[in-house]
Amino acid sequence: MLEEKTIEWVSEGDFGYCLTVDQTLIPYEYKKVKINSTEGVYNSIKTMIVRGAPAIGIMGAHGCSIAAYELKNEDNFIEKLYKKFDYINSSRPTAVNLSWAIKSQIEVVEKNKDKTPLIIYDELVKNAVKLENEDIIINKKIGDFGASLVPKGAGILTHCNAGALATVGYGTALGVIRSAFKNDKTIKVFADETRPRGQGAKITTYELLRDKIPTTLITDGMCSYFMKKGMIDFVVTGADRIASNGDSANKIGTSTIAIAARYYNIPFYIAAPKSTIDMSIKSGDDIVIELRDENEVKIVNGKPICPMEVNVINPSFDVTDNGLIKGIITEYGVFRPDELKDVFS
Ligand code: MRU
């Protein structure tokens with residue numbers, strides 16, 4: 001298993017930096033990069049060096065600390081600091097974990113407003129490191145709650161990457177799979193390729209093979225083939241933002257899988273921490289879906305795979321309707337979508 005943290009704060013003298021795995025290089029290379037500027041934080045999220053909702057959140061939290069250090073000698077410190085927070089928050093729109101982490105950092109600033117910039121910086125670092133440490137603990141809880149739902153010897157389908165690399169460690173959907181595999185060595189995982197960026201092919205298979213969990217890579221269009229053959233008994237994915245009614249945004253293609261799973265009567269679960277639940281929105285209609293560059297679809301390994309003049313629309317996420325979700329696996333337990341309001345309000 002990826003035992004070490006895939007994203008972490010490193011203190012160096014009176015400053016520090018964020019050390020994170022460059023996910024754009026997986027599976028070819030496992031390399032850590034040092035992020036030590038607000039610009040670097042923004043770019044690492046935008047270009048998906050750091051990706052996955054919880055990992056983006058933690059990078060955002062560390063970004064807030066870095067911003068405070070950069071501004072430590074400036075007049076109008078708080079005003080300028082909040083501008084940098086907004087800038088970091090604008091790097092990607094869909095995963096709520098980013099604004100959740102920044103909100104947590106705003107609370108720290110508000111509590112310490114009358115202190116010096118360096119004291120505020122220290123407090124921001126402390127809070128971000130706390131969020132970083134809590135992430136792994138939360139994921140292990142999600143894993144254990146989820147594992148209890150997995151039938152013996154199950155074929156488990158997952159989409160995109162909700163693993164150790166998408167979090168600080170262990171993963172959410174892959175946390176469920178990791179915990180299930182600890183209990184039962186006969187489970188088998190089907191990992192969707194996850195076009196256009198291939199997070200399933202590149203990152204999920206990389207993580208699962210490292211853990212020696214039996215894994216079969218399939219393309220996105222194949223899921224109903226394997227469902228019909230009776231080879232998939234359980235589906236679990238992560239989420240980027242869950243509305244208060246349980247509608248869940250996750251990587252594009254997730255809702256197609258949930259619809260097929262419903263047709264074949266296969267339970268479909270979302271695994272996500274409380275920080276992914278956005279109680280301020282009523283339904284999935286309120287979730288902003290990121291539209292990414294059309295070249296992600298048109299170009300593979302540097303070469304066009306279609307006439308370059310063809311029209312492309314590249315939404316990065318879709319919303320799975322609450323009615324298709326059997327349960328949302330959180331660190332507090334497993335809840336039906338209609339229970340979220342009572343539990344998390
Ligand atoms: O565009 P990405 O790779 O950041 O999308 C990630 C996903 O959709 C994950 O499933 C989600 O963030 C959960 S990660 C624990």
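Tabulated values for the structure
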{"read-out": "Filter result for residue 180 (assigned by TED's automatic domain parsing to the domain that holds residue 87, part of a helix (DSSP H, G or I) and open to solvent by less than 10 Å² (accessible area, probe 1.4 Å))", "value": "no"}
{"read-out": "Selection within segment 295-334 - open to solvent by 30 Å² or more (accessible area, probe 1.4 Å) and closer than 26 Å to residue 150 by Cβ", "value": "319, 321, 322, 323, 324, 326, 332, 334"}
{"read-out": "Segment 289-307 residues that are in the same structural domain as residue 197 (by TED's automatic domain parsing) and under 24 Å from residue 318 (Cα atoms), paired with ones that are within 14 Å of the ligand (Cβ to nearest atom) and β-branched (Val, Ile, Thr) (beta carbon under 7 Å, 6 or more apart)", "value": "289/94; 290/94"}
{"read-out": "Test: residue in segment 126-137 that is outside any helix (DSSP H, G or I) and either open to solvent by 20 Å² or more (accessible area, probe 1.4 Å) or β-branched (Val, Ile, Thr) (or both)", "value": "no"}
{"read-out": "Qualifying residue in segment 28-45 (condition: over 18 Å from residue 108 (Cβ atoms), open to solvent by less than 10 Å² (accessible area, probe 1.4 Å) and of a type in the set (Gly, Ala, Ser))", "value": "yes"}
{"read-out": "Residue that is nearest to residue 126 (Cα to Cα) [pool: residues in segment 5-38 that are out of contact with any helix residue (DSSP H, G or I) (no Cβ under 9 Å at 6 or more places or on another chain) and charged (D, E, K, R)]", "value": "12"}
{"read-out": "Residue under evaluation residue 145, criteria (1) more than 16 Å from the ligand (Cβ to nearest atom); (2) open to solvent by 10 Å² or more (accessible area, probe 1.4 Å); (3) within 24 Å of residue 210 (Cβ to Cβ); (4) touching a strand residue (DSSP E or B) at 6+ places or on another chain (Cβ under 6 Å), criterion not met", "value": "(1)"}
{"read-out": "Among (1) within 16 Å of the ligand (Cβ to nearest atom); (2) outside the structural domain of residue 14 (by TED's automatic domain parsing), the one test that residue 153 misses", "value": "(1)"}
{"read-out": "Unique match (being without any contact (Cβ under 8 Å) to a residue 24 or more places away in the chain, open to solvent by 50 Å² or more (accessible area, probe 1.4 Å) and more than 16 Å from the chain's Cα centre (by Cα)) among 12, 4", "value": "12"}
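The values are calculated or read from the model by the stated rules, or taken from the named source; none is laboratory data. Just so we're clear, the structure is a prediction, and the values are computed from it rather than from any experiment. Positions of Cβ are backbone-derived with ideal geometry, glycine not excepted, and every protein chain shown enters the neighbour counts. For accessibility, only protein heavy atoms count, side chains too; no ligands or nucleic acids. Shrake-Rupley method; radii C 1.70, N 1.55, O 1.52, S 1.80 Å.
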